[in-house]
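K.L.:
A single structure is presented below for examination.
The values are calculated or read from the model by the stated rules, or taken from the named source; none is laboratory data. Remember, predicted model here, so these are calculated numbers, not experimental data. Please note: Cβ atoms are built from the backbone with ideal geometry, for glycine as well, and neighbour counts cover all protein chains shown. We work out accessible area using only protein heavy atoms, side chains counted, and drop any ligands, DNA or RNA first. Shrake-Rupley method; radii C 1.70, N 1.55, O 1.52, S 1.80 Å.
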Amino acid sequence: CIAVMMIINPVWAAVAGFIAVCLYSFINFKMQALRWGSAVDGIRYKFAVKSLMDLEARHDQCVNWRPRVLILYKINLTEELGSIKHHEILRFSAQLRKSR
């Protein structure tokens, strides 16, 4: 391409080459270097967004769904062994579990 430009008009080929070198040096030295991220990060982001959009579009039937309850409960063995106590939090979780 450069050889054809030189054959047709060497003056304008030199002017175009000079402009190209000036633009390259301006972009290379004056502009700030930006991190655009890697292509793998872009693919991961696109996949995550697509998965979230697919979740919104899907309508599940939640008729038989029941939440699970995790109770972190400290048991004092001396109190429990002395007399059996039914604490309210355990009663409440049993009611949730049995759907009463």
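K.L.:
Which members of segment 1-56 meet the condition of being open to solvent by less than 70 Å² (accessible area, probe 1.4 Å), in a helix (DSSP H, G or I) and either of a type in the set (Gly, Ala, Ser) or on the phi > 0 side of the Ramachandran plot (or both)?
P.N.:
Hits for segment 1-56 are 3, 13, 14, 16, 17, 20, 25, 42, 48, 51.
K.L.:
Okay, next question. Cβ-Cβ distance below 8 Å, separation of 6 or more or different chains: which pairs start in segment 11-36 with a residue that is of a type in the set (A, V, I, L, M, F, W, C) and end on one that is in a helix (DSSP H, G or I) and open to solvent by 100 Å² or more (accessible area, probe 1.4 Å)?
P.N.:
Correct list of pairs: 13/2.
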